[in-house]
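**Student:** What follows is a structure written as structure tokens; I'll ask about it next.
Only the coordinates and a few stated rules stand behind these numbers; no lab work does. What you see is a predicted model; the values in this text were computed from it and never measured. For neighbour counting, all protein chains shown are included, and Cβ atoms are generated from backbone atoms with ideal geometry for every residue, glycine included.
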Amino acid sequence: MNEVIKRKLFDLEIDPPGKTWDKIVAALNDEVTAEFPSHLRDLEINPSSKVWNSVAAALDSGVGLNFPNKLYNLEVKPPVDSWQKISIALDEEKALPGIPAKRKIPYIKYAVAASLLALVGFGIKWLTAERTGTEVAI
């Protein structure tokens, strides 16, 4: 599809007729106030006695209460190979050379270069300036 047409279609905005908006609002209101969502919200189903008794027995025995403590106190030793790889990586990190002081930004060099450029600029301006005196060139 041509890019110009694509942009025109993308930016196209048309207001629907007034009666259409009324129908859209009515349809949305019907969905919000529909009977089905309120029916789901108010739905209450009692479990069978067998299921409820097993849930109550599990809660009374405290079977589920020990699970968080087991996870909190859980310790798993990693394989030996993993620790060796970690220690090798840490040793390599220590062996990396640091950045030498010579690589820092040389502010003095920039200041000297700027002053030399200023001197050259003032010299060129002084040499090319028009002289208004009465001196005669020989």
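**Student:** Efficiency by 1/(1 + (r/R0)^6): what FRET value for Ile5 and Leu28, r their Cβ-Cβ distance, R0 = 30 Å, to the nearest 0.05?
**Tutor:** Plugging the Cβ-Cβ distance into 1/(1 + (r/R0)^6) gives 0.40.
**Student:** May I pose another question? Run the simple label-point estimate for Thr20 and Val112 please: 7 Å along Cα→C-beta, distance reported in nm.
**Tutor:** 7.6 nm
**Student:** Taking R0 as 41 Å, what's the FRET efficiency between Ala56 and Glu35 from their Cβ-Cβ distance, rounded to 0.05?
**Tutor:** For R0 = 41 Å, the calculated efficiency reads 0.75.
**Student:** Taking 0.36 nm per intervening residue step and subtracting the Cα-Cα distance, what contour gain separates Leu119 from Trp83 on full extension?
**Tutor:** Value of the extension gain: 6.6 nm.
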